[in-house]
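See below for the structure under consideration.
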Amino acid sequence: MSFHELPTPTLLLEKEKLMANIARMQASADRLGVKLRPHLKTLKAAKAAEALIASGASGVTVSTLKEAEYFLGHDIKNITYAVGMVPAKLADVADLMARGADIKIMTDCLEVAQAIAAEADKDGTAYKVLIEIDCGDNRGGLRPGSDEALLIADIIDKSNAYFEGVLTHAGHSYGVNSRSAIEKIAEQERDSVVQTATRLRAAGYEVNTVSVGSTPTGLHAKDLSGVTELRAGVYTVFDMDQQSRGVCEIKDIALSVLTSVIGHNKAAGKILLDAGGLALSKDRGADKFRPEVGYGQVCNSSGIAIPGLYVTSVSQEHGHVAIRSENDFKLLPVGSRLRILPIHACMTAAAYDYFNMIENGVVCEKWSRVNGW
């Protein structure tokens, strides 16, 4: 069926663009001589994981244990849970491992490391543990080469758990919009974990995994010597946040929300859509470099961007599009279909249970996805 027949709002994923984006990042990882472990927090779909692995990915990264369980249920076992561990979740990890998952967990906390070690010694579960390093994002992680990293490695190494290595994420690469700035952050990202891994090895610890990753640095890093794997996720579909930083072009964005024009407010000079804050999210991540984009780029039903038309505000179920001139009311009558390119694809996709996969303008299949925690 044609996607034009779908009820709105609904989520569209263009398969051709998706596969091109997958190939682009895999080529970057191959160029840099590292394994690719894509982050599935954007797509959260088994079919997507299968496509990534078929393209060369060595495993997957997840942001929730529910995702880990979902992918394990689809026979995808090589998993990194890239969110700080808490002791209360160790039993869930142990259960996943007992069911065949090869899962790595991470921490930057001595107390959590002690809890992991204690649980491992109590029940014999050989948890695989990564130490999180802060490479400048200032979200989580230890300072590069810190003494605390040695203490955590020692705690894990002396238990039935297994010290696996180090991991970092250059989230601050989203704060710049030039290739040279991204390249500099990529170098900082690499150096932070390589420095830490070097110090750990000098102290006698085996470091098998040295993991970095973000979409901007994954595509633009010049050298990942000393790194073993690259993690990135939003590159699979891209979004206006990435476009505003020059990481992709509008033509690369594979994800969109199909919406209907439901009203004309001529007094206020705006068109109303049935895709509001719940259907699009309220993320304004593109504001730093493209504040005019608001909550999404308006496109025609074929996915071609309409210059100067954006979702300028949202309420729960309404998207508001400020018109350029009175002619827009004629151009976009009530009942007409539009597509919105999201600001932050991960946030937008989280509102939906599945993707309508579009190939050659036709809905070729539906890809289910997992939501929640």
message = Looking at the range 330-342, can you tell me whether even one residue there is under 30 Å from A48 (Cα atoms), part of a helix (DSSP H, G or I) and either in contact (Cβ under 8 Å) with a residue 60 or more places away in the chain or touching a Leu at 6+ places or on another chain (Cβ under 8 Å) (or both)?
response = no
request  = Just give me the residues in the range 82-95 being surrounded by 17 or more Cβ atoms within 10 Å (Cβ to Cβ) and touching a helix residue (DSSP H, G or I) at 6+ places or on another chain (Cβ under 6 Å), in sequence order.
outcome  = M85, L90
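Of everything in the range 262-288, what is outside any loop (DSSP other than H, G, I, E, B), crowded, with 16+ Cβ neighbours inside 10 Å and out of contact with any Pro (no Cβ under 7 Å at 6 or more places or on another chain)? Give them in sequence order. Break it down stepwise before answering.
Kept after step one, since they are outside any loop (DSSP other than H, G, I, E, B), are these residues of the range 262-288: 262-265, 270-273, 277-280.
Narrowing the set further to residues that are crowded, with 16+ Cβ neighbours inside 10 Å leaves 262, 264, 270-273, 277, 279-280.
Matches in the range 262-288: I262, H264, K270, I271, L272, L273, G277.
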note = Residue set D353, D252; condition of a type in the set (D, E), within 27 Å of S63 (Cα to Cα) and free of Cβ contacts under 8 Å to residues at least 60 places away in the same chain; output residue D353
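Yes/no per residue for (1) under 22 Å from S368 (Cβ atoms); (2) in contact with a helix residue (DSSP H, G or I) (Cβ under 8 Å, 6 or more places away or on another chain):
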position: P9; (1), (2): yes, yes
position: I22; (1), (2): yes, yes
position: S28; (1), (2): no, yes
position: P38; (1), (2): yes, yes
position: A45; (1), (2): yes, no
message = Take the residues in the range 289-328 that are in contact with a Gly (Cβ under 6 Å, 6 or more places away or on another chain), in a strand (DSSP E or B) and without any contact (Cβ under 8 Å) to a residue 40 or more places away in the chain; name whichever of them is surrounded by the most Cβ atoms within 10 Å (Cβ to Cβ).
response = V311
ask   = Inside the range 46-86, can you point out the residues that are of a type in the set (G, A, S) and within 20 Å of Q26 (Cβ to Cβ)?
value = A46, A48, A49, A51, A54, S55, G56, A57, S58, G59, A82
request  = Inspect all residues belonging to the range 100-117 and state whether any of them is touching a Leu at 6+ places or on another chain (Cβ under 8 Å) and at positive phi.
outcome  = yes
Those residues of the range 96-137 which are surrounded by fewer than 18 Cβ atoms within 10 Å (Cβ to Cβ) and among the polar types (S, T, N, Q), in sequence order = Q114
query = Among (1) of a type outside the set (A, V, I, L, M, F, W, C); (2) within 17 Å of the chain's Cα centre (by Cα); (3) more than 13 Å from R231 (Cα to Cα), where does H4 come up short?
reply = (2)
task = Go through the range 260-293 and count every residue that is in contact with a helix residue (DSSP H, G or I) (Cβ under 7 Å, 6 or more places away or on another chain) and of a type in the set (V, I, T).
result = 2
query = Considering the range 58-69 alone, what residues qualify as being part of a helix (DSSP H, G or I) and touching a strand residue (DSSP E or B) at 6+ places or on another chain (Cβ under 8 Å)?
reply = L65, A68
note = Residue pairs qualifying under the 6 Å Cβ cut-off, at least six apart or on distinct chains, with the first in the range 17-43 being assigned to a helix (DSSP H, G or I) and the second being among the aromatic types (F, W, Y), are N21/Y235; M25/Y235
note = Quick count over the range 1-16, residues being at pLDDT 95 or above and in a helix (DSSP H, G or I), is 2
request  = Taking only the range 70-92 into account, find how many residues are closer than 22 Å to A57 by Cβ and either assigned to a helix (DSSP H, G or I) or among the charged types (D, E, K, R) (or both).
outcome  = 6
query = Among the residues of the range 49-76, how many are among the hydroxyl-bearing types (S, T, Y) and within 14 Å of A232 (Cβ to Cβ)?
reply = 4
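Looking only at the range 156-195, filter to residues that are among the β-branched types (V, I, T) and more than 17 Å from A113 (Cα to Cα); which one of those is surrounded by the most Cβ atoms within 10 Å (Cβ to Cβ)?
Our first condition is that a residue be among the β-branched types (V, I, T); within the range 156-195, this holds for 156, 166, 168, 176, 182, 185, 193-194.
Checking the rest, the ones that are also more than 17 Å from A113 (Cα to Cα) come to 168, 176, 182, 185, 193-194.
Details: T168: 31, V176: 18, I182: 25, I185: 24, V193: 29, V194: 21.
So, considering only residues that are among the β-branched types (V, I, T) and more than 17 Å from A113 (Cα to Cα), the one surrounded by the most Cβ atoms within 10 Å (Cβ to Cβ) is T168.
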query = So G226 clears everything in (1) touching a His at 6+ places or on another chain (Cβ under 9 Å); (2) surrounded by fewer than 24 Cβ atoms within 10 Å (Cβ to Cβ) except one condition, right? Which one?
reply = (1)
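The values are calculated or read from the model by the stated rules, or taken from the named source; none is laboratory data. Predicted, not measured: the structure shown is a model, and the values here were computed from it. When we count neighbours, we look across all protein chains shown, and the Cβ atoms used for this are built from the backbone with ideal geometry, even at glycine.
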